[in-house]
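Quick notes on the structure that follows.
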Amino acid sequence: MPHFDDYPKAQGLYNPNLEKDACGVGFVADLTGQPSRRTVVDALHVLNHLTHRGACGCEQETGDGAGILCSIPHTFFQKVCKAEMGLDLPEKGRYAAGIFFFEKGNDAKTAESKKMIDDIVKELGQKVLGWRKLPVRPTHNKGLGATALACEPYMEQLFIGASDDAKAEQFEAVLYMIRRKAAIAGRAKYGEKNFYVCSLSSNVITYKGMLKSEQVMEYFADLDDDDFHSHVALVHSRFATNTFPGWSRAHPYRYVCHNGEINTVCGNKNWQRAREGVISSPLMPQLQECCPIVDPEGSDSQAFDNVLEMLLLAGRTLPEACMMMMPEAWQNADLMDEDKKAFYKFNAALMEPWDGPALVCFTDGKYLGASLDRNGLRPCRYYVTKDQRVIGGAGGGGGHR
């Protein structure tokens, strides 16, 4: 069976390091922070109206990729963990959940990988609460196309409990180190990516795959449950621009979804690699062991997400990190506030711009935002409603009700 992350090796004019995306993005959030079923349903409604922004293969049921990023659905997880695993989850914020892709049909490698991950969780002082087989429905409605089905991964959901003395920021940083150390150890042992983590956080979770927009809710049974609630959701429909689709290359990533291209990505990756010789953070004392920060086989969007995630978990806020990476055209902006201009000038010495044209939407469960790069060539429109909701996306094409 093909690997879930298969794509051709560099040959001729093709280079996997130049993988880029151009896609449809949307977001829905409740500004009061109150989780609801309505937010999830409306976000999936937006996603279903982004089919014109995504793509599919010659098989009409094989999509380039689609997914949703939302806050941890605590009530839902409490219900399914008790019913399926006999597990009583800790209070919200004291545990993390994440979806893992494993190679389908290779049970021995999956068992070895899970044990390796469990050992690293314990090594870093956290608690393995349990693994849950993720319920998926590949034959629901018209089902997946033959290409998507052939490389479909086996999926499990991992629940990790925070150590008794871990604060929220420390817990998120440790989760990052767990994921990076496990990925590096797995590649060293098997010589390839033996698993992929969609997300691993106490705040947000990502459901995604090599799907079409309308297949996301059909495929993931969790999203079809009335108890699956969230206060924020990002959605994405992928168009793989002259590149190859894949299960792991679908969006959203761990904090962002992206429309456009990062045309400076080779330079951005090189500068990030150069900085790793002196990289450090008091929140992540083992950060050096997590390098390289950028997945060498990822697309431009994934590289952006890798660096944004590192900046966030090393102590910066999400808006600050995004402004560092995608600054406005500030040098000759006479009307810009001087403090803001000073912020951009200072951070220009720390981080080079990631230039598009690009639109990036982002959330960590606390903040929701969207930003254009300084070229400003990717549209985004948003609305703030009278009932304290924000709804937006690329060009505002999320449909109407």
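The values are calculated or read from the model by the stated rules, or taken from the named source; none is laboratory data. No experiment lies behind these values; they were computed from the predicted model shown. Cβ placement follows ideal geometry from the backbone for every residue including glycine, while neighbour counts extend to all protein chains displayed. The area values use the complete protein model at the heavy-atom level, side chains included, leaving out ligands, DNA and RNA. Shrake-Rupley method; radii C 1.70, N 1.55, O 1.52, S 1.80 Å.
Could you order THR39, THR264 so the one with the most accessible surface comes first? Probe is 1.4 Å.
I get THR264, THR39, largest accessible area first.
Place a +1 charge on the Cβ of each Lys and Arg in the chain and a -1 charge on the Cβ of each Asp and Glu, then give the dipole magnitude about the Cα centre in debye, rounded to the nearest 20.
Taking the Cα centre of the chain as origin, the dipole is about 100 debye.
For the peptides 183-194, 98-109, 63-74, what is the packing order when you average, over each peptide's residues, the other Cβ atoms within 10 Å and list the highest mean first?
63-74, 98-109, 183-194
For SER36, list long-range residues whose amide hydrogen, built 1.01 Å from N in the peptide plane, is under 5 Å from its own amide hydrogen.
Here the answer is SER230, HIS231, since their amide H atoms fall under 5 Å of that of SER36.
Take the cross-link list LYS212/LYS340; LYS193/LYS340; LYS79/LYS115; LYS92/LYS340; LYS122/LYS340 and give me the ones stretching past 32 Å between alpha-carbons.
The answer is LYS212/LYS340; LYS193/LYS340; LYS92/LYS340; LYS122/LYS340.
Mind ranking 244-254, 332-342 by how tightly packed they are, going by the mean number of other C-beta atoms within 10 angstrom, highest first?
Highest mean packing first, the order is 244-254, 332-342.
Report the Cα centroid-to-centroid distance between segment 169-242 and segment 307-366 in angstrom, as an integer.
24 Å
Could I have the simple spin-label model distance between LYS189 and ASP226, label points 7 Å from Cα toward Cβ, reported in nm to one decimal?
4.3 nm
Please enumerate, by chain and number, the aspartates and glutamates with C-alpha under 16 Å from the C-alpha of LYS269, excluding those fewer than 8 residues away in the same chain.
The reachable aspartates and glutamates, counting only those whose Cα sits under 16 Å from LYS269, are GLU19, GLU261, ASP295, GLU297, ASP300, ASP305, GLU309, GLU352, ASP355.
Pull up the cross-link candidates among the aspartates and glutamates for LYS127, meaning alpha carbon to alpha carbon under 16 Å and not fewer than 8 places away within one chain.
Counting by Cα, and skipping residues close in sequence, LYS127 has these aspartates and glutamates nearby: ASP88, GLU91, ASP118, ASP119, ASP164, ASP165, GLU172.
Which value, in Å², gives the accessible area per residue of the chain when a 1.4 Å probe is used on the protein heavy atoms?
I get 42 Å² per residue for this part.
Within the accessible area of segment 342-393, what % is carbon and sulfur when the probe is 1.4 Å and the other protein chains stay in place?
Exposed carbon and sulfur together represent 57 percent of the surface.
Nearest 20 debye, what's the magnitude of the dipole of segment 198-291 about its Cα centre given +1 on Lys and Arg Cβ and -1 on Asp and Glu Cβ?
700 debye
Grab the Cα-Cα distance for GLU84 and LEU377, subtract it from 0.36 nm times how many residues apart they are, and report the gain in nm with one decimal.
Here the answer is 100.7 nm.
Please pull out the direction-averaged projected area of the chain, using the convex hull of its alpha-carbon atoms, in nm² to one decimal place.
19.9 nm²
So what is the relative contact order of segment 297-401, in percent, for Cα pairs below 8 Å that sit 6 or more residues apart?
Answer for segment 297-401 is 19 percent.
Could you state the number of Å between the C-alpha centres of segment 92-146 and segment 277-293?
Result: 25 Å between the Cα centres.
Work out how far the C-alpha atoms of segment 268-401 reach from end to end along every principal axis, then list the three figures in whole Å, largest first.
That gives 50, 37, 26 Å along the principal axes, largest extent first.
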